[in-house]
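Values quoted throughout were computed directly from the atomic coordinates according to the rules given, and no laboratory measurement underlies them. Not measured: the values here are computed from a predicted model. Reconstructed Cβ throughout: ideal geometry from the backbone, glycine too, with neighbour counts over all protein chains shown.
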């Protein structure tokens with residue numbers, strides 16, 4: 001018979017410290033991990049508070065790291081970034097603060113460069129289908145509709 005491993009609060013705390021040191025984490029991820037370790041709610045609360053006190057867990061730092069990483073590497077727009085952070089239970093003020101780390105100029109440059117690169121790669125002869133493919137791609141990446149429609153009409 002399979003038996004589940006149990007952890008003391010100190011063992012779980014050490015594991016979570018390593019987990020949070022490796023990469024920025026949000027509260028939701030840490031709580032899910034602790035639940036997966038079969039920790040009781042009181043122990044989870046205790047560990048989360050301790051991680052916050054020792055600065056292993058910081059929602060503001062997490063939000064800023066998430067936004068800068070996903071924007072620079074995956075080229076996500078603000079709509080998608082906001083949606084993803086909301087799913088991770090990050091508050092509106094922290095989301096706004098994190099999005100402000102991206103300058104307007106950098107945001108627009110990234111958008112235009114990505115849109116033009118994608119437009120060149122679309123191998124479709126029908127102009128309407130081309131426009132739809134580009135628009136769908138940009139919406140999926142989370143860019144604002146006014147930017148998408150302006151760009152689609154400008155490129156084709």
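All of 128, 138 fail the test of being in contact (Cβ under 8 Å) with a residue 60 or more places away in the chain and either over 18 Å from residue 66 (Cβ atoms) or within 18 Å of the chain's Cα centre (by Cα) (or both), apart from 138.
Table: residues versus (1) touching a strand residue (DSSP E or B) at 6+ places or on another chain (Cβ under 7 Å); (2) under 21 Å from residue 74 (Cβ atoms); (3) surrounded by 15 or more Cβ atoms within 10 Å (Cβ to Cβ).
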residue	(1), (2), (3)
94	no, yes, yes
106	no, yes, no
118	no, yes, yes
123	no, no, no
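Looking at residue 84, is it closer than 21 Å to residue 16 by Cβ, in contact (Cβ under 8 Å) with a residue 12 or more places away in the chain and surrounded by fewer than 20 Cβ atoms within 10 Å (Cβ to Cβ)? For residue 84, the condition - closer than 21 Å to residue 16 by Cβ, in contact (Cβ under 8 Å) with a residue 12 or more places away in the chain and surrounded by fewer than 20 Cβ atoms within 10 Å (Cβ to Cβ) - is not met.
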